[in-house]
1. Please report the net charge: other residues with Cβ closer than 13 Å to the Cβ of residue 84, K and R +1, D and E -1.
2. Measure out, as a whole number of angstrom, how far apart the alpha-carbon centroids of segment 297-339 and segment 71-133 sit.
3. Using a Cα distance threshold of under 19 Å, what count of lysine pairs results for the chain when pairs must be 8 or more residues apart or interchain?
Amino acid sequence: MSVAWTMPKTRAYSMSGLKNVDCLARYKAIVEDRVPESSGPALRGQVIHEAALLYIEALAAHQLTADAALAQDAIQGALASLAIPFEHQLDARAVFTRWIEGFTLDLEAFLCAEESQRERGFSWRPDLVYARPHELEIVDWKSHFAAYTGAEAQAHFQPRFYLWRAMQVWPGFPSYRFTYDFIRLGQQVSVVLTPADVQDVEDDVQAKIQLVDHARREGVWPPTMGPLCAYCALACPLVDDTRLRPVRSETIEDVRAVAVEMAALEAAYTSRLAVVKAWTDANGPLLAGGRRYAWVPKVERTYPAGVVLATMEAHGTPVPAALTFSASALGSVLTAKTHHDLAHDIGLHAVEKPGRRWSDTVSHESED
């Protein structure tokens, strides 16, 4: 059952503020007390966003879709207006230069860039907005080193919040698209919603506002460990009060220390897991610390591809489009030299899905 929507009355809630509600202590510091927080990625992002804004404004003024000279003026202007460490200046310039090589401004669809929206109790600032007959699109620039997957983007608060508010500010479009543009990587991933899809967004925002209002009334802003800890550089009582504490990542030395500790903790966990597995193998389920450890029966079923296809054909059932073979399942069919021609012909029909995987390998590279 959905919650009846109540508009905020006295203050404007921002997306950047509401995404911190998962840790109310952080929300209190960032939004209520306006404690300054800066990091290398944040400073780099500020420069790139400022340069992109200057560039797009210049392109629109000259009615151009791209221009190298205007791009260089834009990055120079951004670097001159924001004081950041030299290494972040170099990175910001390199990322921006890479981005402009593939960027063209859609002049016919261009609606606005970095224009603050303050309406009906909310404030937000989309990076770039295009309005096309069939769709309104918000483009958000990220200078990350890894792109989100489609599933990760769908789960994020920002796309859902922005598209929900866009439907109020610019109503009437059949669909609304939020596109993460990973400008360092030249990759994009989109989230698309229609007006019929936003009830869960309204419920989510309402719940976040109610948490903030309750904390404000009670004067209690508890810290909560979670994904926000990886980016947070604020003072935190959990750091001092528990051994299972969140960690900081303000400098590369901090991250290296965390990585070394992580490897040691992983080894410690693996050895303890082996003990628990062995004990439960011999003695049965174990209850400890509010958790239940046990071996449970598991049955895996596979069906021979040839038999399945032949049986479906015999029954007059078309092969579903979702029925595919993974590269690992095909194995030597794709890799053996004797199947070179077969592998080539199969490869013509490959469907690639961009994603990412975590890599943790032994390296002999210098850490300098």
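1. It works out to a net charge of -1.
2. 47
3. Counting lysine pairs in the chain gives 7.
Laboratory data are not the source of any read-out in this text; all were calculated from the coordinates shown. Just so we're clear, the structure is a prediction, and the values are computed from it rather than from any experiment. Reconstructed Cβ throughout: ideal geometry from the backbone, glycine too, with neighbour counts over all protein chains shown.
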